[in-house]
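S.K.: Let me give you the structure first, and then I'll get to my questions.
The values are calculated or read from the model by the stated rules, or taken from the named source; none is laboratory data. If you're wondering where the values come from, they're calculated on a predicted model, not measured in any experiment. Backbone-built Cβ (ideal geometry, glycine too); neighbour counts: all protein chains shown. Only protein heavy atoms, including side chains, enter the accessible area calculation; ligands, DNA and RNA are left aside. Shrake-Rupley method; radii C 1.70, N 1.55, O 1.52, S 1.80 Å.
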Protein chains: 2
Amino acid sequence: MLTVLEKARKDPDSMKGRILKVARRIFGEYGFHGTTTRMIAQEVGIDISTLYYHWGEKGELYEAVILDINEDLRRKLSEVEQVIHGRPLAERMSISIDMMTDYLFECPEISNIVLFQYFGKTRYRSSLDIQVPELISDIARSMNLCGRRGKVPAAARMKVLTIMNAIHSFISGENFFRPMLNLGRKEYIQLVKMTLKHILIPAFERGQEGSPGEGEYAL
Amino acid sequence: MLTVLEKARKDPDSMKGRILKVARRIFGEYGFHGTTTRMIAQEVGIDISTLYYHWGEKGELYEAVILDINEDLRRKLSEVEQVIHGRPLAERMSISIDMMTDYLFECPEISNIVLFQYFGKTRYRSSLDIQVPELISDIARSMNLCGRRGKVPAAARMKVLTIMNAIHSFISGENFFRPMLNLGRKEYIQLVKMTLKHILIPAFERGQEGSPGEGEYAL
DNA sequence: TTTCGCTTCCATCATTTGATGGACACTCTA
DNA sequence: TAGAGTGTCCATCAAATGATGGAAGCGAAA
């Protein structure tokens with residue numbers, strides 16, 4: 001038996017799938033409270049009660065969106081890991097940044113929703129437990145920031161968070177940053193990749209040679 | 001003649017000042033649409049119409065909050081620049097990261113509002129032009145990423161944005177990241193600083209020696 | 001054709017929310 | 001003391017918004 005979300009993911013042209021897709025975009029742009037069910041219904045081109053028929057109340061639709069993008073992200077990261085497996089660190093990072101950046105620029109609502117999850121509060125109680133922690137730990141392991149098994153230290157997870165946040169920020173902030181830099185879309189994407197590589201890679205290359213440890217920049 | 005905002009900033013104990021302070025926090029937590037004027041009024045302990053008496057409509061109060069935190073940020077950055085002036089790059093960055101991180105952890109609503117500005121859309125038209133671009137260019141100059149005068153190249157501004165975003169992300173995401181890492185507040189702050197320095201400084205040190213140029217990590 | 005189940009929409013409701021009018025209280029000044 | 005100016009609150013409004021009931025459409029099965 002498929003859940004409603006699984007049905008919607010399986011058939012994107014179904015009404016459930018169409019609603020989910022639009023809801024991702026609108027929730028991503030305006031956040032939970034900034035989005036009204038009427039906005040979503042209008043964008044899909046259906047009556048508001050049709051929306052309620054398929055997804056129940058607003059909060060449930062929002063949770064479906066969260067689960068949906070988390071699943072997409074999980075799959076993409078798994079795909080990236082397949083590709084970079086076995087390569088040297090700098091190359092792994094360069095490829096990861098390219099792949100993730102390209103992907104997220106195609107689905108910017110993923111970055112939007114992720115950031116809303118991180119930073120924003122909502123005036124309704126959600127009983128949703130997100131698997132972000134596991135995801136972060138997996139990436140840390142795949143980057144050889146720690147042993148293959150066992151607990152991933154907080155410092156390693158922080159580094160992964162830094163990388164993820166940096167990428168999401170530039171995707172999600174495109175509408176703010178790009179006009180400010182006066183760049184076309186392609187130029188912007190190119191510059192994002194270049195900047196991320198320029199800043200992120202040296203740190204991890206340095207961290208490899210002889211493992212200077214965590215205290216090197218502590219006061 | 002002082003504007004309403006200037007009055008409120010000048011006297012934080014006045015009703016206008018108290019409202020502004022609470023509004024910063026609530027808007028920062030819940031965003032524009034997630035915040036109701038009633039929430040703010042209740043938190044201040046006043047009637048809703050008293051709030052309207054002092055600040056007019058919701059959008060105007062929100063704009064005041066934006067201007068207020070931008071001014072705070074501008075002053076703090078100016079203070080940081082005084083301190084780091086003349087020191088070597090790695091030290092400049094280390095001090096900047098310490099000072100800004102400490103400051104923003106004391107006023108996390110600043111990071112919250114900034115990120116909402118960057119990433120979120122609002123369903124109302126704002127005629128507010130923010131001086132973020134100038135701020136970013138100033139920092140780039142102060143970091144010697146470009147000449148003292150003239151136009152700051154986009155690549156340099158991107159690097160500054162990366163740094164600012166990284167800091168804001170960890171401040172604003174504390175409520176999400178800290179439980180995930182299972183750290184106390186002080187440990188978390190310490191780890192944020194360490195991670196930021198560890199990741200950010202090597203890139204800029206490397207960028208200095210012989211100026212390898214922008215294309216080093218391009219495909 | 002009839003019936004059943006699924007889907008859609010119209011009309012409507014109840015609550016929330018932004019916003020305002022007017023009464024009341026307080027202070028200062030003439 | 002009278003009156004103006006200021007600040008606060010109660011009551012209330014109008015619009016937006018989340019949510020639902022019920023009728024109607026539609027296709028497949030009986």
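S.K.: Which one of A:G184, A:G207 is farther than 19 Å from A:M100 by Cα, open to solvent by less than 30 Å² (accessible area, probe 1.4 Å) and at pLDDT 95 or above?
M.R.: Values: A:G207 fails: at pLDDT 95 or above.
From the options A:G184, A:G207, the qualifying one is A:G184.
S.K.: Considering only the stretch A:133-183, state which residues are among the small types (G, A, S) and either closer than 19 Å to A:Q82 by Cα or touching a residue at least 60 places away in the same chain (Cβ under 8 Å) (or both). Break it down stepwise before answering.
M.R.: Pass one, the stretch A:133-183, residues among the small types (G, A, S): A:137, A:140, A:142, A:147, A:150, A:154-156, A:166, A:169, A:172-173.
Of everything in the stretch A:133-183, those that are among the small types (G, A, S) and either closer than 19 Å to A:Q82 by Cα or touching a residue at least 60 places away in the same chain (Cβ under 8 Å) (or both) turn out to be A:S137, A:A140, A:S142, A:G147, A:S172.
S.K.: Output the number of residues of the stretch B:163-180 satisfying the condition of being open to solvent by 10 Å² or more (accessible area, probe 1.4 Å) and more than 16 Å from the chain's Cα centre (by Cα).
M.R.: The number of residues fulfilling the criteria is 5.
S.K.: Right, next: So in the stretch B:28-50, with the set limited to residues that are polar (S, T, N, Q) and over 20 Å from B:N112 (Cα atoms), which one is farthest from DNA strand C (Cβ to nearest atom)? Walk me through how you get there before you give the answer.
M.R.: Keep residues of the stretch B:28-50 that are polar (S, T, N, Q), which gives B:35-37, B:42, B:49-50.
Going one step further and asking which of them are over 20 Å from B:N112 (Cα atoms), we end up with B:42, B:49-50.
On the way: B:Q42: 10, B:S49: 3, B:T50: 9 Å.
Taking the candidates together, the pick is B:Q42.
S.K.: Does A:R38 satisfy the condition of being in contact (Cβ under 8 Å) with a residue 24 or more places away in the chain and under 18 Å from A:E60 (Cα atoms)?
M.R.: no
S.K.: Among the residues of the stretch B:122-136, is any surrounded by 18 or more Cβ atoms within 10 Å (Cβ to Cβ) and within 12 Å of another protein chain (Cβ to nearest Cβ)?
M.R.: Just the residues of the stretch B:122-136 that are surrounded by 18 or more Cβ atoms within 10 Å (Cβ to Cβ), to begin with: B:132, B:136.
If we keep only those that are within 12 Å of another protein chain (Cβ to nearest Cβ) too, we end up with B:132, B:136.
Scanning the stretch B:122-136 turns up at least one residue that is surrounded by 18 or more Cβ atoms within 10 Å (Cβ to Cβ) and within 12 Å of another protein chain (Cβ to nearest Cβ).
S.K.: Give the number of residues within the stretch B:11-27 that are among the charged types (D, E, K, R), at pLDDT 95 or above and over 21 Å from A:Q117 (Cα atoms). Please lay out each step first, then the result.
M.R.: The first filter runs over the stretch B:11-27 and keeps only residues among the charged types (D, E, K, R), leaving B:11, B:13, B:16, B:18, B:21, B:24-25.
From what is left, the residues that are at pLDDT 95 or above are B:16, B:18, B:21, B:24-25.
Those still in the list that are over 21 Å from A:Q117 (Cα atoms) too: B:16, B:18, B:21.
The total comes to 3.
S.K.: Report every pair of residues separated by at least 6 positions or lying on different chains whose Cβ atoms are under 8 Å apart, first residue within the stretch A:77-88 and over 19 Å from A:H168 (Cα atoms), second part of a helix (DSSP H, G or I) and open to solvent by less than 50 Å² (accessible area, probe 1.4 Å).
M.R.: A:V83/A:I95; A:V83/A:M99; A:I84/A:R92; A:I84/A:I95; A:I84/A:S96; A:I84/A:S142; A:R87/A:I95
To keep it simple, each residue is scored yes or no on (1) of a type in the set (S, T, N, Q); (2) away from DNA strand D (no atom under 13 Å from the Cβ); (3) exposed (fewer than 15 other Cβ atoms within 10 Å of the Cβ).
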position: B:G17; (1), (2), (3): no, no, no
position: B:G28; (1), (2), (3): no, yes, no
position: B:M39; (1), (2), (3): no, yes, no
position: B:D47; (1), (2), (3): no, no, yes
position: B:G56; (1), (2), (3): no, no, yes
position: B:R75; (1), (2), (3): no, yes, yes
position: B:P88; (1), (2), (3): no, yes, yes
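S.K.: Conditions: (1) open to solvent by less than 50 Å² (accessible area, probe 1.4 Å); (2) within 14 Å of DNA strand D (Cβ to nearest atom). A:Y52 meets all but one. Number of the miss?
M.R.: Here A:Y52 clears every test but (1).
S.K.: Taking the stretch B:58-73 as the region of interest, how many residues are open to solvent by less than 30 Å² (accessible area, probe 1.4 Å), closer than 26 Å to B:I48 by Cβ and away from DNA strand C (no atom under 16 Å from the Cβ)?
M.R.: Total meeting the criteria: 2.
S.K.: While we're here: Out of all the residues in the stretch B:78-90, which are in a helix (DSSP H, G or I) and more than 10 Å from chain A (Cβ to nearest Cβ)? Give the derivation first.
M.R.: Let us first name the residues in the stretch B:78-90 that are in a helix (DSSP H, G or I), namely B:78-84, B:89-90.
Passing the criteria: B:S78, B:E79, B:V80, B:E81, B:Q82, B:V83, B:I84, B:L89.
S.K.: Looking at A:V22 and the list (1) under 19 Å from A:N175 (Cβ atoms); (2) more than 16 Å from DNA strand C (Cβ to nearest atom), which single condition is not satisfied?
M.R.: (2)
S.K.: Further question on the same structure: Answer yes if at least one residue in the stretch B:99-106 is modelled with pLDDT of 95 or more, among the polar types (S, T, N, Q) and either touching a Ser or Thr at 6+ places or on another chain (Cβ under 7 Å) or surrounded by 18 or more Cβ atoms within 10 Å (Cβ to Cβ) (or both), and no otherwise.
M.R.: To start, the set of residues in the stretch B:99-106 that are modelled with pLDDT of 95 or more comprises B:99-106.
Imposing the further condition that a residue be among the polar types (S, T, N, Q) reduces the set to B:101.
Now narrow it down to the ones that are either touching a Ser or Thr at 6+ places or on another chain (Cβ under 7 Å) or surrounded by 18 or more Cβ atoms within 10 Å (Cβ to Cβ) (or both): B:101.
Yes: one or more hits.
S.K.: Pairs needed: first member in the stretch B:54-69, over 16 Å from B:M15 (Cα atoms) and within 14 Å of chain A (Cβ to nearest Cβ); second member anywhere, within 15 Å of DNA strand D (Cβ to nearest atom) and among the basic types (K, R); C-beta distance under 9 Å; at least 6 residues apart or different chains.
M.R.: Going by the 9 Å Cβ cut-off, the qualifying pairs are B:G59/B:R125.
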